[in-house]
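Enquirer: After the structure tokens below, expect a handful of questions from me.
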Amino acid sequence: MHWSHLTQTVIFPSLIGPGIMGNILIFERHVHIFVMGTEKKPIDLILIHLAFSNITIICNMEIKDIATVFYFRNFLGDAGCKVVVFLGRMARGLSICTTCLLSMVQAVTINPRMTLWRKLKPQTAGQVLPYLLLFWMLNSLISSNLLFFIMAVSPVNRSVVGTYAGYCYMAPSRLLMRWLFISLMALRDAIFQSLMGWSSVSMALHLYKHHKRVSYLHSTQIVKNSSPEIRATQSTLILMACFLFFYWGDFIFSFYIGSRVTRESIVSVIKTFLDLSYAVVSPFVLISRDVHAAKNRRVQ
């Protein structure tokens, strides 16, 4: 068995299973907190939406793997191809936007001097909904071209290039149309990643100043048992680092694949791994930080 085929049939499913379970745990935990808790915190609704986006990405990847490994030519049909590819791209956009919102909210929460951004911070869970609705509308618009140009591969057109995982392909469109949607995606990513980077730097500087303030006490116990806001900020920074690493790795390999006439299986496998990694890793970052916080509370 070729090693890339082994990767698709063994390694990726072994990541997809834990990834789905981890996101379901995050989803259920914060739904429970949101529904049963007396205070409806905006951060819970944001994490629920992020987990939902991650689950959509992972399930979309699993459908692609099933269709590719078993080569079900009529597995989806035109309508199925349109829906699967559209939801896959939209879920990735929602993940970018939601991660950025999480970073911005956390940065404003811990830094009271950010008076301008504090006015935009959602104070209640209800105030998060307009942001999420805006993200859905924005990403639906950016991905709308897929509903018109994605087709199922058939015996007649099986030799077409630009296939999506061997069962769908993108029909030719006008050059202006292609560049319009590419520009919209690039603009979205540039804006949200710039905000993400700025808020991450702001949080890192705040944590550094916090460490300097408490270090003079010479008490390791005080430094370790930091406030919930500080622990949440550390979790958010780890998520930002993971997101940026996987995003730019995916961008580099996507650019490499796009500039090559033929596709190398090893590069395609690495790109698929990077596509999947953030959705799989992010829930375990949150779970591990929750466990660490629980241990600190027991110590206290």
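Enquirer: Take the residues in the range 113-148 that are over 22 Å from the mean Cα position of the chain (by Cα) and either surrounded by 14 or more Cβ atoms within 10 Å (Cβ to Cβ) or of a type in the set (Gly, Ala, Ser) (or both), then tell me which one is nearest to Phe86 (Cα to Cα).
Expert: Checking each candidate, the answer is Gly126.
Enquirer: Looking at (1) at pLDDT 85 or above; (2) of a type in the set (A, V, I, L, M); (3) loosely packed, with under 12 Cβ neighbours inside 10 Å, which is the one condition that is false for Leu244?
Expert: The single condition Leu244 does not satisfy is (3).
Conditions (1) farther than 21 Å from Ser103 by Cβ; (2) surrounded by 12 or more Cβ atoms within 10 Å (Cβ to Cβ); (3) modelled with pLDDT of 85 or more, marked per residue:
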residue	(1), (2), (3)
Leu187	no, no, yes
Trp198	no, yes, yes
His206	no, yes, no
Ser219	yes, no, no
Asn225	yes, yes, no
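Enquirer: Can you work out which of the residues in the range 278-300 that are modelled with pLDDT under 80 and surrounded by 13 or more Cβ atoms within 10 Å (Cβ to Cβ) is farthest from the chain's Cα centre (by Cα)?
Expert: Asn296
Enquirer: Pairs, please: C-beta under 6 Å, at least 6 apart or cross-chain, first residue over 16 Å from Leu286 (Cα atoms) and in contact (Cβ under 8 Å) with a residue 24 or more places away in the chain and in the range 26-41, second aliphatic (A, V, I, L, M) and assigned to a helix (DSSP H, G or I)?
Expert: Lys40/Ala125
Enquirer: Follow-up question, since we're still on this one. So Phe12 clears everything in (1) buried (at least 18 other Cβ atoms within 10 Å of the Cβ); (2) at pLDDT 90 or above except one condition, right? Which one?
Expert: Among (1) buried (at least 18 other Cβ atoms within 10 Å of the Cβ); (2) at pLDDT 90 or above, the lone unmet condition for Phe12 is (2).
Enquirer: Taking the range 259-277 as the search range and keeping residues that are polar (S, T, N, Q) and surrounded by fewer than 18 Cβ atoms within 10 Å (Cβ to Cβ), which one is modelled with the lowest pLDDT?
Expert: Going residue by residue through the range 259-277, those that are polar (S, T, N, Q) are 259, 262, 265, 268, 272, 277.
Keeping just the survivors that are surrounded by fewer than 18 Cβ atoms within 10 Å (Cβ to Cβ) gives 259, 262, 265, 268.
Numbers: Ser259: 59, Thr262: 50, Ser265: 65, Ser268: 70.
Among those that are polar (S, T, N, Q) and surrounded by fewer than 18 Cβ atoms within 10 Å (Cβ to Cβ), it is Thr262.
The values are calculated or read from the model by the stated rules, or taken from the named source; none is laboratory data. What you are looking at is a predicted structure, and each value in this text was computed from that prediction instead of being measured. Virtual Cβ from ideal backbone geometry, glycine too; neighbours counted across all protein chains shown.
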